[in-house]
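This report concerns only the one structure given below.
Just so it is clear, none of the values below were taken in a lab; they were calculated from the coordinates. Computed from a predicted model, the values in this text were never measured in an experiment. Every residue, glycine as well, gets a Cβ built from its backbone with ideal geometry; the counts of neighbours run over all protein chains shown.
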Amino acid sequence: MSHALAASKRLRVTTLILVTVLVIPAKSFACACGCGVFDVSTSGMLPTQEGGVAWLEYDFMNQDRNWSHSSSSASANNDDKDIKTSFFTAGAQYMFSRSWGSEVEVPYWDRHFTTTDDSGNVGSFNHDAFGDVRIKGIYSGFSPDMSSGVTFGLKLPTGDWHYVNFDRDTSIGTGSTDILLGAYHQGNFAGSWNWFANGELDQPFLIRADYRPGAEVDAVSGVYYNGWSIGNVKIAPVAQVIGSYRLHDNGLAANPQNSGYERILLSPGIEADMAGMRVYGDVEVPLYQYVRGNQLTANVLFKVNVSRSF
């Protein structure tokens with residue numbers, strides 16, 4: 001092969017690679033999942049005594065609005081059209097003493113994803129699988145009443161991230177191992193009024209297949225009234241403000257131009273407690289959200305949690 005032909009071939013290959021690198025990211029749009037808001041505990045999941053609690057939780061989120069920066073954007077600006085997810089979580093927490101405890105959460109997701117392929121055809125896909133297990137330690141020995149504590153642990157790469165019809169940012173699992181660091185405090189004021197604050201950092205540090213999800217911080221602060229009862233059932237209305245901040249994703253399998261966000265949600269809820277059995281439910285409505293690029297967001301999020309102390 002002549003030097004001219006070899007140079008021409010190298011030029012064509014180089015051009016093809018550059019075009020591929022430039023074009024591929026523009027054909028994939030991330031979703032502003034915000035699933036981490038389901039992992040910051042409400043007051044009912046914060047430890048107050050030795051012993052354990054087990055729970056089952058259901059969360060639902062329908063991401064059907066395209067959002068860009070701080071306002072809605074035309075659907076045509078995003079190839080992804082809709083992501084409906086039901087989150088099922090089984091969890092348990094046990095305080096071995098008034099200072100030390102542990103917690104584990106095992107999630108299972110059922111996700112419906114509607115998107116546009118490279119040919120311009122709209123298709124829908126359904127997938128359900130186990131998600132990423134979270135294992136944490138708890139230290140609550142800062143005060144005799146256990147009102148303050150820290151949490152520390154790992155999010156394990158147990159969730160499915162191989163499903164071919166989902167992008168890495170829409171997959172049920174991230175494929176990453178993450179460090180989890182959190183802190184909480186709860187207190188009392190004005191008699192039957194109580195307040196709490198809880199936050200957690202999720203920092204990926206081991207990744208797979210060129211996808212690093214953005215680090216995320218989720219925090220919740222709320223008040224509840226603990227002075228109502230109907231018979232033997234205690235009824236507590238709850239008002240919360242939830243905040244999320246996530247950096248953009250990185251890696252060859254990521255789309256950093258359309259990932260990363262910040263968000264504030266208002267969450268009214270109610271809790272019923274009787275003889276160690278607790279039922280809690282809330283709705284979470286965005287007050288403010290800013291996303292990078294174009295991402296799918298939800299009008300409202302729903303949560304129901306049933307727990308039993310032992």
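Extending 7 Å from the Cα toward the beta-carbon at both Val304 and Leu181 defines two label points whose distance is 3.8 nm. Pairs of Lys residues in the chain are counted when their Cα atoms are under 20 angstrom apart and they lie 8 or more places apart or on different chains; the count is 4. Rounded to the nearest 0.05, the FRET efficiency derived from the C-beta distance between Ser119 and Phe60 at R0 = 35 Å is 0.65.
Evaluated with a Cβ-only charge set (Lys, Arg +1; Asp, Glu -1), segment 156-310 carries a dipole of roughly 260 debye about its Cα centre, given to the nearest 20. Taking the longest Cα principal axis of the chain as reference, the axis of helix 3-23 is set at about 30 degrees.
From most to least packed by mean Cβ count within 10 Å, the peptides 277-287, 186-196 give 277-287, 186-196. For the listed peptides 127-133, 95-101, a ranking on the average number of other beta carbons within 10 Å per residue, highest first, reads 127-133, 95-101. Dipole magnitude for the chain: computed about the Cα centre from +1 point charges on Lys and Arg Cβ and -1 point charges on Asp and Glu Cβ, it is near 600 debye. Dipole magnitude for segment 263-310: about 200 debye, using +1 per Lys or Arg Cβ and -1 per Asp or Glu Cβ, origin at the Cα centre. Using θ = phi - 60° in the Karplus curve 6.51 cos²θ - 1.76 cosθ + 1.60, the 3J(HN,Hα) couplings for segment 169-177 round to 7, 10, 5, 5, x, 8, x, 10, 9 Hz; x is entered for Gly and Pro. In the chain, taking the dipole from charged Cβ atoms about the Cα centre, the farthest positive-side position among His112, Ser221, Met146 is held by His112.
Helical content alone sets the calculated 222 nm signal of the chain at -2500 deg cm²/dmol, taking -39,500 (n - 2.57) per DSSP H segment of four or more residues and averaging over every residue.
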